[in-house]
Each structure stands twice: as structure tokens, then as C-alpha cells.
Amino acid sequence: MKSTILVAGATGNLGEKICRDLLGRGANVRAIVRAESEPAKVKALQDLDVSVVEANFADASQLQSACSGVSCVVSALAGLDDVIITAQSQLLNAAVQAGVPRFIPSDFCTDYTQLSEGDNRNFDFRKKFKTVIDDSAIKATSIFNGAFSYVLQYGIPLFNFKDHTIAYYEGKADWKIDFTTLDDTAAFTAAAALDDESPRYLRVASFQVSPHDLATLSQQLYGEPFQLVNGGTMEQFSAYNQKMRAENQEGETELYPKWQQAQYLYSMFAAHHSSLDNSRYPDIRWSSAKEALQQK
Ligand SMILES: NC(=O)c1ccc[n+]([C@@H]2O[C@H](COP(=O)([O-])OP(=O)(O)OC[C@H]3O[C@@H](n4cnc5c(N)ncnc54)[C@H](OP(=O)(O)O)[C@@H]3O)[C@@H](O)[C@H]2O)c1
């Protein structure tokens with residue numbers, strides 16, 4: 001019998017791609033949307049043959065009926081604590097009540113188990129939800145994919161295309177950073193959702209590159225030198241981030257304030273995968289750094 005997978009956050013960038021990949025793998029796909037979800041995005045899901053259920057996350061019985069007969073809930077929700085802790089917990093409770101055996105939370109990030117509280121505000125929400133899900137009667141699988149590779153197109157200090165500079169932190173010029181494309185993350189997540197044996201953590205990366213590697217690759221691709229710039233020590237970087245956060249309290253209600261973006265960069269240099277689960281589903285072809293940079 002075909003498995004039914006419930007996707008929350010299916011109207012989002014990652015969630016929509018996960019739905020496509022699940023359908024491609026022959027699953028029945030159900031998506032929870034909200035009354036306030038954009039109608040065009042909801043229609044796009046229906047056009048794909050996703051069965052769309054509108055639910056209010058505060059209504060336990062609506063969520064529970066959305067979870068009925070489901071073998072795995074995949075959450076690709078994005079937001080602050082009201083989403084990552086509160087809404088995901090509401091969904092988790094409904095899944096447990098409905099007897100759903102498995103749940104993939106909306107982690108999709110650097111391996112936060114290697115990071116300390118305060119290093120990254122948005123990861124702290126995920127750590128908090130981890131304690132909730134690990135205490136529940138459901139089998140959880142978190143997918144750690146490092147950074148989405150499209151961040152390399154944002155002109156971040158790590159890859160400043162305009163100034164031709166590449167930032168590194170002391171002793172970290174050869175530190176490998178995990179990057180995964182959105183497409184590869186979605187493909188892997190769909191395979192994991194259909195894999196009843198998947199473990200608590202799966203660590204993947206389309207490619208792992210150091211600041212040095214990025215400089216070499218950029219020279220090859222663009223024929224122009226990129227300068228490595230020393231951003232100081234990791235201790236200084238951490239202290240700077242703490243100061244920026246304390247001085248910019250308004251960012252506490254924003255998903256990606258400037259200091260949060262700096263915390264993501266810090267996390268890339270503070271945690272990385274020592275081994276990868278990329279080969280778990282052999283049909284997945286992983287993108288290269290060259291392909292990701294050429295998407296510019
Ligand atoms: N590793 C990385 O570099 C990286 C980068 C970006 C994102 N991510 C992660 O990837 C995951 C998906 O992100 P994304 O960029 O695909 O997000 P997105 O495009 O912003 O989509 C967010 C989804 O969450 C839903 N949502 C938001 N608030 C909600 C609420 N209060 N209740 C219920 N649903 C709500 C939205 O539904 P509506 O349409 O109803 O609003 C939408 O479907 C997140 O965990 C995010 O942190 C990782």
C-alpha cells in the first residue's frame with residue numbers, strides 16, 4: 001500500500017519541493033495549509049496532486065484529523081518560537097494522538113548538537129523543540145544539511161562577489177563548511193520520510209568547501225582572484241554577535257535580523273559534519289560546489 005506523508009509548510013520554498021519529490025517516489029501526499037496561506041501556492045499544490053487540508057494549528061481536532069492514516073509527518077515550517085516550538089508542538093501532539101509513527105521536524109540546518117545555547121537564536125528554538133519531541137511517543141529524524149547553498153548568492157562575507165573577498169576566522173581558512181542545495185535537501189528529505197528505518201539524525205551536504213577552496217574555485221570559474229580576509233578569532237566573532245543582539249532588541253521579533261545572519265555565519269565555522277549520510281539513498285545525485293556557484 002502507498003504511504004501517506006503529511007507535509008506542513010508545503011506552501012514554502014522547501015516544503016513544496018519535498019511534496020514534488022514525495023510524489024515522484026510514489027507516495028500519497030497530504031499538505032496542511034492555513035486560512036491565511038496564499039491561494040496561488042495552495043492551488044499550485046493541488047495542481048501537483050497533493051491533497052490539501054486547511055487547518056487551524058490551534059485546533060487539535062482539525063490537526064488530528066489531518067494526521068489520520070499518515071506514516072510520517074514532515075515539517076518544513078519556518079518562523080520564530082511561536083512556529084518552531086508552539087505550532088510544531090501542536091502538530092506533534094496531534095500526530096501522537098493520531099498514532100503517526102514518525103516525524104521529521106523543521107531543522108534543515110547546521111548540526112546544532114555541536115553548538116552552545118546562545119550561539120544561534122533560531123537553532124535554540126530547534127533545540128528546545130528537540131527536547132519536546134525526544135520526550136514524545138514518536139520516532140523523530142532530524143536532517144542536518146548545513147547551509148542552503150543559495151546563501152552564497154547573497155553577497156555574505158564568506159563569499160562577497162562584489163568585493164571579491166572571502167572571509168575566514170583565525171585558524172579556519174581550511175575549515176570545511178557544509179552546503180546543500182534546496183533541491184538536494186528536498187530529495188533527501190522525501191527519501192527519509194519514506195524510510196521507516198531512518199535514524200534520529202541524518203547529516204548531509206551537497207558539497208563541503210573551505211574558504212581556501214572557495215577562493216580557488218572562484219578563480220577557476222571567474223578568472224579573477226578572490227582575496228581571503230581574516231575576520232578575527234571565533235571568540236571575537238561570538239562576542240560581537242552577542243553585543244549586536246543585545247543592542248538590537250527589535251530583532252527578537254524578526255526571523256532574520258542582521259545579528260541572526262551573523263549567527264548563521266558563526267555556526268558555519270563552529271560546527272561541521274565529520275561524516276555524511278549522503279549515500280543512504282543511492283539514487284540521489286548531489287550537486288557540486290561548481291554547479292551551485294554557476295547558478296549565479
Ligand atoms: N540551512 C539553511 O541555510 C536554511 C535557509 C533557509 C531556510 N532554512 C530552513 O528550512 C525550513 C523551511 O524554510 P523555507 O525557507 O522553505 O520557509 P518558507 O518558504 O518561508 O515557508 C514557510 C512555511 O511555514 C509556514 N508557516 C509560517 N508560519 C506559520 C504558522 N504560524 N503556522 C503554520 N505554518 C506557518 C508557511 O505557511 P503559509 O504559506 O501559510 O504562511 C510556509 O508554508 C525551515 O526550517 C528554515 O529555517 C534553512
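The values are calculated or read from the model by the stated rules, or taken from the named source; none is laboratory data. On a predicted model such as this, the values are computed, not experimentally measured, just so you know. Cβ coordinates were reconstructed from backbone atoms using ideal geometry, including for glycine residues, and neighbour counts include every protein chain displayed.
Is the range 188-201 home to any residue that is within 16 Å of the ligand (Cβ to nearest atom), within 23 Å of Ile84 (Cβ to Cβ), without any contact (Cβ under 8 Å) to a residue 24 or more places away in the chain and not acidic (Asp, Glu)?
no
Which condition from (1) closer than 19 Å to Thr141 by Cβ; (2) at pLDDT below 95 is the one that Lys2 breaks?
(1)
Restricting to the range 34-58, name every residue that is surrounded by 22 or more Cβ atoms within 10 Å (Cβ to Cβ) and either under 21 Å from the mean Cα position of the chain (by Cα) or within 8 Å of the ligand (Cβ to nearest atom) (or both).
Leu45
Checking the conditions here, which among Asn145, Asn122 is in contact (Cβ under 8 Å) with a residue 40 or more places away in the chain, of a type outside the set (Val, Ile, Thr) and either away from the ligand (no atom under 15 Å from the Cβ) or in contact with a Ser or Thr (Cβ under 7 Å, 6 or more places away or on another chain) (or both)?
The match here is Asn145.
Is it fair to say Lys17 is more than 12 Å from the ligand (Cβ to nearest atom) and either of a type in the set (D, E, K, R) or in contact with a Ser or Thr (Cβ under 7 Å, 6 or more places away or on another chain) (or both)?
So Lys17 fails the test.
Consider Gln64 against the criteria (1) within 25 Å of Lys128 (Cα to Cα); (2) within 12 Å of the ligand (Cβ to nearest atom): it satisfies all of them except one. Which criterion is unmet?
The failed condition is (2).
So Gly12 clears everything in (1) surrounded by 21 or more Cβ atoms within 10 Å (Cβ to Cβ); (2) near the ligand (Cβ under 8 Å from one of its atoms) except one condition, right? Which one?
Of (1) surrounded by 21 or more Cβ atoms within 10 Å (Cβ to Cβ); (2) near the ligand (Cβ under 8 Å from one of its atoms), only one is false for Gly12: (1).
Check every one of the strands (runs of 3 or more DSSP E) wholly within the range 1-89 and list those with 3 or more residues that are closer than 17 Å to Pro105 by Cα.
Result: 4-8, 28-33, 72-75.
Just checking, which of Ser51, Ser61 is closer than 27 Å to Asp195 by Cβ, without any contact (Cβ under 8 Å) to a residue 40 or more places away in the chain and among the polar types (S, T, N, Q)?
Answer to the check: Ser51.
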